[in-house]
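Enquirer: Provided herewith is a single structure, encoded as structure tokens, for subsequent inquiry.
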Amino acid sequence: MTKRICILLLMFQFLLVTGCWNSRELRDLAIVVGIGVDRIEGSDQYRVSFQLVNPRAATGGKVGGSSISEIPNIVFTSDDHSMFSALRKTTQKVPRQLFFAHSQLLVIGESLAKEGVSDVLDFFERSHEMRLNTSVVIARGASAESILKVITPLSPTSATAIIGRLKVATDVWAHNVNEDIGSVIKKLAGGGEPAISGIRILGSPTQGRAKSNLDYSKPPTILELKGVSLFSEGKLVGWVEGKSARGVVWALNQMKSTNVSFPCEDGEKGVSIEVIRSFTKIRSRIVDGSPRLSVKVKEEGSLSEAQCKVDPGSNEDMMKLRRHLAEETKAEIRMALKAAQAKKSDIFGFAAEVKRTSPKYWKTIEGDWPSIFADCEIDVDVEAYVRRTGMRTKSLMKTNGARTSSSD
Amino acid sequence: MRTPFISPTQLFAMIILFELGTALVLPIGLSSAQNSWLSILLALPGGILVYLLFTYFNKQYPSMILSGYIRQIVGSYLGWPLALFYAVYFIYISGRNLREVGDLLITTSYDQTPIVIVHAAIMGTSMYMIYKGIQVLFRLGEIYLVFILVLGLLSNLAVALSGAIEIRNLLPVWGEGIGVTLRSAYPNIFLFPFAELIAFSAFLPYLAQRQYARRIGILAILVSTVMLSITHAMEISVIGEDMYSRATFPLFTAITTVEVAEFVERLDALVILALIIGVFFKMTVYAYAATAIAADIFKAAEPNRLAVPIGVSVFFVSMMSAWSFPEHGLEGAKSFLTVQPIFLVYIPILLLLVHLMKKRFGHRGITSG
Amino acid sequence: MFVRPSRLQPDGDAPGPGAAGQRAYLAQAPSAQLEDNLAYLKAELGGSPDIVFRRIQIGAAQTKAAAVYTDGITDKQTVNEFILRTLMLELDSSAEPGRSLLHDINLHALPVGDVRVLTDWDGILLCLLSGHTIIFVDGTAEAISGDTKGGEYRAIEEPSSQVVIRGPKDGFTESIGTNVALVRRRLRSPNLRLEAFRLGAKSPSNVAIMYVQGIVEDKYVLELSSRLSRIQVDALSGSEQLEELLADQKTPFPTTMNTERPDMVSNSLLDGRISIFVDGTPFVLIAPFTFFMGFQSAEDYYQRPEAAFAIMMLRYAALIIALFGPSIYIAAITFHHEMIPTPLLLSLAAQRETVPFPAFLEAFLMEFTFEVIREAGIRMPRAIGQAVSIVGALVLGQAAVEAGIISSAMVIVVAITGISSFANPSYNMATTIRIVRFTMMVAAAILGFYGIAIFSLVIIGHMCGLSSLTVPYMSLKFPYTPEGERRTVYRIPLATRRSAERNNEGAAVGLGARDAALADKTASQTEQEGKDAQ
């Protein structure tokens, strides 16, 4: 028994002496929430920016009764040839160990995106700390670094601010997509192209860096999501915006909810329909040795605003609404498809679909897909329903369109 | 020593744990990435046949383990070294399993921790269980089966709820053709994890209700196959064929993408836990099989005492078998084509043939020796 | 040099005459001279003042005699009324002095239940020291003893360690006789068996085992009897010591159950278990004991099955928290930061900014302090105990957090763990869990979740290797019926409960006895059932 205890103690000692290898105290970690990657002009180095969060400031923590007035958001940058060495280089500047498992956002500089993003992504895929569900955006007209440096209201870091925007706007406005690293990689590897939202700075980037940015009720510098990228062969080739961006969202089956409005028959005032459910299928089949692609949308909406006379009691009016909704949807999807085809950018995942349904055919055309896609004929088929009319039936105004709204 | 006995439920639990072991987490059936879930199902009949072969031997030689009837069938001179080879082979496979769990742990979260410690911790536990004997090991298996099932249910539920499953990723069903799917089923998946059931030849003599051995075993193989197949189908449908075929640990990658209600994130720990448990039982079963054979051929009075030497050998094999994890994988793939089939398929079939011949042409062979 | 335990008569209370003296100086029998006997006895007991020697003259012949009893453990009224009074006033014997006088006394003059004729000093001493009154008659080399046990005992009170809201409120006392009676009152079955043992060479204690013949498997009774007979101790301080002596293996886990509640004993007996009574302790042991049985409370039988099931699940959840709570916290905040949702991680990080200790040390300190407060609270007089908890709660909870020495998350973890460990119905299991929790914390600090997983394997592996009276410790199936499993894992409705009859001998009685036990609450019903049981 004594012998056994001795052995146990020895083992215990041994474990203690050699220490706790992977054990890291929270206060020794710098929690990275956003990563930005830029290509330095005229060089082959990357500029990697890390946005750290200062937990005390971020949570409004109190220590010893005194509250802290620090900026919750710190950005460090390093230049190097590879992501990993830039990362390690940064440790010279940061007093703590960078910790990536909570990074939520990857911002890619527009110049880098134009050269191709696959090289950068290998690191994110290989590292065990990175999450594949980190969202990706592309900085438009600014460097990724400057995007991360902007101090934003209502959220501790610009990364979380962008994430919030991505989530909410994608869900209710649907003019942008919330793409994560995992699906970017999946698409790049599977023959398609990623569709990534753009983000830009409104106002002065230098002013946005200062805490004074928060001193205004309307901050002078803010971030805004704008457009969806078009990639071709892994490189950024253009953007779609506005209605065609929404068409992309529709075609990607990422439509959760949006607002479609169209004018009344008699004038400039309009009717708004809130799309509340939408389901998109994309299909392909091979006809006479060339692919025939189709997009099928089934959507449901409810009347959310009518500034002219709409009578939900009349079957005719409701059918009209349905028709308008379907046509509008169809038009937007067509715009998106056209824009993408013009840039030979298959962001819709048709490639994967062809590969799935006709693997043999895919083998023969694998390399030429972008140009084949550009010439493909794509059918768009929309089935729309308007199910509800909100809290009221008839509109407030009977004859002329005074402003009315019905809440829903 | 009291004869230990294993209840049918315990055998059932252990076979499932053994089959799931590493196969749950590692990519299996390398060549047919997209259809590996189908290949798994295709390899099932082979697995059942292997199991039936060993239950047949068990019926013929009820009180003997593998090394016992090898010597009965081919005689002591040939049988003794052959049995020794089996012991060595089991030690090697046990070491490989240990290496796999060690490498997953080090790649995923223990990158600073020396491999010695990671391996020693699990090997120590394994040795303790071997020392305690198979009755205790099988009781433990029964408890941990429940645990694994709950774990599996939870993680599958989380994956399903997160909406990450895209069934269309599984299309086309036959992928690059039935040929590729079959080729990955035989020999790859057939050998690993099905033919590996040979290790259970060391336990069959201890079964309490022997009449159930066949039924329970086949049921366990069926259940574990379905579980494996579903898991791999889930992996492919979540991360897609391309990433699946490139991932070192696909299940791990698939689980990391899960996010439910913005709170349940990073369920990797569940995967690691599943692997630790699965591998623990698998390598312990192998190590015990090696111990039992060694005890049998060296006529050791107390097989439990061999736990330490066998465990230490497994430990060193696990550390020294390969310099890097890719090399480890390569070694595995190569040995599937060369060494392993000899142990797992050819020798057992030869044994069966010799046995049948002896049985037909005179009973002299069986009684002597 | 020890008194070999021997089987006694089933009343289990009095030492039997078969206990042959083995000490050389005691081997002699009493002499025929009264004074010699008294002098010898006085010398043997060191002239203790609590031994009362009452010299009397009895019978028509006014023969000299003496009654000897131990003050304090005898019932004075019985001694006065039924021994002294009858001997002195009512014995009317015309027989000659000598043997037949003793005979007369035995037959006519001792209106007490248990009377023995003793011929050796060993028996005489044992009887005397367990509360009998010994009568020596001059000219007779024998003594006669009458059972006058009594004296002050704690009354039957509500058990303090296992409280139920609804259910019987009586608890065992320090008297083995009372304890046996409490169980027998519940189990009116003729198949209820009691076997008595005497353990302890220097100070023999009465030990009794009780079981229901026909329900219990004989092998367990045989195993337990043989283990009891093999035990060699000087003195038995209580059932705790016996628990250790009866264990199958050396282990920190309890392998027998102890209870203060007669209803738990009778329920266990009906499940085919054996209970062990030790004189001098209110804790009765129950074996075989399995791990999952430790999570059943007496309360479970007094609630709706659904409620009992839900509460049992709650207890298992509490077990998991009590075992793993701090270690999971340590592992998560030092190894697996990625598992914590980001907002929670930020808030934890903010709290821990000022904490000077590593997480493990912080957790260890807090857990340690908690255990100290708890221990102090238990041992202190009740009034001071409250002060201890106030100091603990205020100073440690409030001040340490405000000073930034301890993070408030840690306080929450420790508090949840502490409360969870109180949810365990079995106190000695809870103690073991505390020990395991601390070791688990070390494992977590060294290897994170991997350490927890590995250490759990070791612990559960260890538990799988345990047995209690040869029953596997982790078994769900005791008794070995499908119903046994259901009863252990969740409480099945009583209406569907059937007895686990073992053999034909006991088959007839099992059900009746069980019903009798279950219907204990209503007196009228019990009457009827009692008759049935006969």
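Rule-based calculations on the coordinates, nothing more; no lab input. This is a predicted model, so every value here is computed, not measured. Reconstructed Cβ throughout: ideal geometry from the backbone, glycine too, with neighbour counts over all protein chains shown.
Enquirer: Averaged over its residues, how many other protein chain Cβ atoms are within 10 Å of peptide C:325-335's Cβ atoms?
Expert: Numbers: counts 0, 0, 0, 1, 0, 1, 2, 1, 5, 7, 9.
Other-chain Cβ atoms within 10 Å of each residue's Cβ, averaged: 2.
Enquirer: Give me C:375, C:353, C:260 sorted ascending by neighbouring Cβ count inside 10 Å, so fewest comes first.
Expert: C:375, C:353, C:260
Enquirer: Report the FRET efficiency, 1/(1 + (r/R0)^6), for residue C:245 and residue B:76, where r is their Cβ-Cβ distance and R0 is 56 Å, rounded to 0.05. Walk me through the intermediate numbers first.
Expert: Numbers: r = 49 Å, r/R0 = 0.87.
Here the calculated transfer efficiency is 0.70.
Enquirer: Can you give me the Cα centroid spacing of segment C:130-202 and segment A:193-229 in angstrom?
Expert: Cα centroid of segment C:130-202 versus Cα centroid of segment A:193-229: 86 Å apart.
Enquirer: Can you give me the C-alpha center-to-center distance between segment A:325-363 and segment A:95-116, rounded to a whole angstrom?
Expert: Centre-to-centre (Cα) distance: 29 Å.
Enquirer: Pulled fully out, how much extra length does the chain show between residue A:216 and residue A:88, if you take 0.36 nm times their separation in residues and subtract their Cα-Cα distance?
Expert: Full-extension gain reported as 42.3 nm.
Enquirer: Give the peptides C:397-410, A:128-141 in descending order of average Cβ contacts within 10 Å, highest first.
Expert: A:128-141, C:397-410
Enquirer: Ok, one more. Residue A:240: net charge of surrounding residues, Cβ under 11 Å, Lys/Arg +1, Asp/Glu -1, itself excluded?
Expert: Cβ neighbours under 11 Å give a net charge of +3.
Enquirer: Above 26 angstrom, tally the Cα pairs of segment B:8-350 and express them as a % of all pairs, no decimals.
Expert: The answer is 46 percent, as a whole percent.
Enquirer: Moving on. Using Cβ contacts closer than 10 Å as the measure, can you line up C:266, C:205 from fewest to most?
Expert: Taking fewest neighbouring Cβ atoms as first place, the list is C:205, C:266.
Enquirer: Set the Förster distance to 22 Å, then compute FRET efficiency between residue C:45 and residue C:80 from the Cβ-Cβ distance, nearest 0.05.
Expert: After rounding, the FRET efficiency stands at 0.50.
Enquirer: Any chance you could get the radius of gyration and Dmax over the Cα atoms of the protein assembly as shown, in Å?
Expert: Cα only, the protein assembly as shown: 40.7, 141 Å (Rg, Dmax).
Enquirer: Mind checking which lysines have their C-alpha under 22 Å from residue A:211, skipping anything on the same chain fewer than 8 residues away?
Expert: By straight Cα distance, residue A:211 reaches A:62, A:93, A:149.
Enquirer: Identify all lysines with a Cα-Cα distance to residue A:309 below 19 Å; exclude those on the same chain that are fewer than 8 residues away in sequence.
Expert: In chain and number order, the partners are A:269, A:320, A:394, A:398.
Enquirer: Further, regarding this structure: Quick one: order A:38, C:218 by neighbouring beta-carbon count within 10 Å, fewest to most. Walk me through the intermediate numbers first.
Expert: Numbers: A:38 26, C:218 12.
By the 10 Å Cβ count, ascending: C:218, A:38.
Enquirer: Follow-up. Contact order normalised by length for segment B:233-290, with contacts defined as Cα pairs under 8 Å and 6 or more residues apart; what percent is it?
Expert: 20 percent
Enquirer: Another question about this same structure. Pairs A:256/A:343; A:218/A:298; A:296/A:344; A:89/A:344; A:218/A:343; A:187/B:334: which exceed 30 Å Cα-Cα?
Expert: From A:256/A:343; A:218/A:298; A:296/A:344; A:89/A:344; A:218/A:343; A:187/B:334, over 30 Å: A:218/A:298; A:89/A:344; A:218/A:343; A:187/B:334.
Enquirer: Quick check on segment C:24-147: take the gyration tensor over C-alpha atoms, sort the square-rooted eigenvalues as a ≥ b ≥ c, and tell me if it's rounded (a/c under 1.5), prolate or oblate.
Expert: Because a/c hits 1.5 or more and a/b fails to exceed b/c, segment C:24-147 counts as oblate.
Enquirer: Compute the Cα gyration tensor for segment B:39-110, then decide on rounded, prolate or oblate, letting a ≥ b ≥ c be the square roots of its eigenvalues: rounded whenever a/c is under 1.5, prolate when a/b is larger than b/c in the other cases, and oblate in all that remain.
Expert: Cα axes put segment B:39-110 in the oblate bin.
Enquirer: Using a basic spin-label model with each label point 7 Å from the Cα along Cα→Cβ, how many nm lie between residue A:45 and residue A:298?
Expert: It is 5.6 nm.
Enquirer: Normalising by the residue count of chain A, find the relative contact order in percent from Cα pairs under 8 Å and 6+ residues apart.
Expert: 13 percent
Enquirer: Could you give the length gained by full extension between residue B:9 and residue B:299, i.e. 0.36 nm per residue of separation minus their alpha carbon distance, to one decimal place?
Expert: Additional length available on full extension: 101.4 nm.
Enquirer: Any idea how far apart residue A:243 and residue A:387 come out in nm if each label point goes 7 Å out from Cα toward Cβ?
Expert: Placing both labels 7 Å beyond Cα along the Cβ direction yields 2.6 nm.
Enquirer: Let me ask another. In chain B, once you exclude exposed trypsin sites (Lys or Arg not before Pro) (DSSP loop, at most 10 other Cβ within 10 angstrom), what's the longest stretch remaining?
Expert: On the way: sites that count: B:2, B:299.
Here the longest run is B:3-298.
Enquirer: Another question, if that's okay. Using only alpha carbon pairs under 8 Å that are at least six residues apart, calculate the relative contact order of segment C:302-464 and give it in whole percent.
Expert: So the answer I get is 42 percent.
Enquirer: Next up: Net charge near residue C:462: determine it from the other residues with C-beta under 14 Å of the C-beta of residue C:462, scoring Lys and Arg +1 and Asp and Glu -1.
Expert: Result for the local shell: +3.
Enquirer: Output the 0 to 90 degree angle, nearest 10, between the alpha-carbon long axis of helix B:134-162 and the longest principal axis computed from the alpha carbons of chain B.
Expert: Its long axis makes an angle of about 20 degrees.
Enquirer: Here is a follow-up. Largest first and in whole Å, what are the equivalent-ellipsoid semi-axes of segment A:120-244 based on the Cα gyration tensor, each being the root of 5 times an eigenvalue?
Expert: After diagonalising the Cα gyration tensor, the semi-axes are 26, 17, 13 Å.
Enquirer: Here's something else I'd like to know. For chain A, state the semi-axes of the equivalent ellipsoid (square roots of 5 times the eigenvalues of the alpha-carbon gyration tensor), sorted largest first and rounded to whole angstrom.
Expert: Over the Cα atoms of chain A, the semi-axes work out to 45, 30, 22 Å.
Enquirer: Next question, about the same structure. Using the Karplus curve 6.51 cos²θ - 1.76 cosθ + 1.60 with θ = phi - 60°, what ³J(HN,Hα) values do you get for each residue of segment A:241-256, in whole Hz, with x for Gly and Pro?
Expert: Per residue, the Karplus-derived 3J(HN,Hα) values read 9, x, 5, 6, 5, 5, x, 4, 4, 4, 5, 7, 6, 10, 5, 9 Hz.
Enquirer: When you count, for each residue, the other Cβ atoms within 10 Å and take the mean per peptide, how do C:335-343, C:424-432 rank with the highest first?
Expert: With the highest mean Cβ count within 10 Å placed first, the list reads C:335-343, C:424-432.
Enquirer: Related question: For residue A:320 and residue A:288, what does the FRET efficiency come to when R0 = 56 Å and r is the distance between their Cβ atoms, rounded to the nearest 0.05? Write down the numbers at each step before the final one.
Expert: Details: r = 39 Å, r/R0 = 0.69.
Step by step, r from the Cβ atoms, then E = 0.90.
Enquirer: Let me ask another. Work through the residues other than residue C:428 whose Cβ is under 14 Å from its Cβ and net out their charges, Lys, Arg +1 and Asp, Glu -1.
Expert: -3
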